[in-house]
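As structure tokens, the structure follows; a few thoughts come after it.
The values are calculated or read from the model by the stated rules, or taken from the named source; none is laboratory data. What you are looking at is a predicted structure, and each value in this text was computed from that prediction instead of being measured. Don't worry about glycine lacking a Cβ; one is built from the backbone with ideal geometry, like all the others, and counts go over all protein chains shown. With ligands, DNA and RNA removed, areas are computed over all heavy atoms of the protein, side chains included. Shrake-Rupley method; radii C 1.70, N 1.55, O 1.52, S 1.80 Å.
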Amino acid sequence: MAQEEPLLCAKGCGFYGSAQNHNLCSNCYCDFLKEQQAANVAKLAAQLSFDRAVVSKPACSDASDTAKSADTAGPCEPKKKTRCLVCNKKVGLTGFKCRCDGVFCGAHRYAEQHGCKFNYKEAGRNVLAKQLELVCADKLDNRVL
């Protein structure tokens, strides 16, 4: 058997390549595989988005149907994972919802700890103003019934 002389990497990095790796060294071959996989993923994503666009077109396109479909979110839309707005920790079902419309973990659930911008005093005053009746004294002291 004649021994083959080792070939340098086809990309010219200075390492030796092998014929089974397309004359690439191990590092360049890994990069080649990653690029090839990324290209395949991009093709599949483009094909899926094209297929969804074709499927999601309504058969009869009324103005009211398109307005309704634009307002409502489709079932294909992935759920947003709930995370703490301060530390970005996954909270899942145990998240605490604040009046400032944020979801927080147990460590940042209090308004002082996450820098809440909600004005609790103003909200309390508005609730009291709606609930309480105005009490006025009778202005005529000597009223005849």
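Couple of notes before you dig in:
- Unmet criterion (only one of (1) within 30 Å of ASN88 (Cα to Cα); (2) of a type in the set (Lys, Arg); (3) surrounded by 10 or more Cβ atoms within 10 Å (Cβ to Cβ)) for ARG125: (1)
- Across segment 1-22, the number of residues qualifying as in contact with a Gly (Cβ under 9 Å, 6 or more places away or on another chain), in a loop (DSSP other than H, G, I, E, B) and open to solvent by 60 Å² or more (accessible area, probe 1.4 Å) comes to 3.
- Scanning segment 106-145 for residues that are part of a loop (DSSP other than H, G, I, E, B) and under 34 Å from the mean Cα position of the chain (by Cα) returns ARG109, TYR110, GLY115, CYS116, LYS117, PHE118, ASN119.
- Output for segment 80-105, where each listed residue is assigned to a loop (DSSP other than H, G, I, E, B), farther than 11 Å from CYS116 by Cβ and of a type in the set (D, E, K, R): LYS80, LYS81, LYS89
- Top-ranked residue of segment 24-35 - restricted to ones that are part of a helix (DSSP H, G or I) and open to solvent by less than 90 Å² (accessible area, probe 1.4 Å), ranked as farthest from LEU8 (Cα to Cα): LEU33
- Criterion applied to ALA67, ALA45, ALA73 was being modelled with pLDDT under 90, more than 30 Å from LEU8 (Cβ to Cβ) and either open to solvent by 80 Å² or more (accessible area, probe 1.4 Å) or assigned to a loop (DSSP other than H, G, I, E, B) (or both), and the one residue passing it is ALA73.
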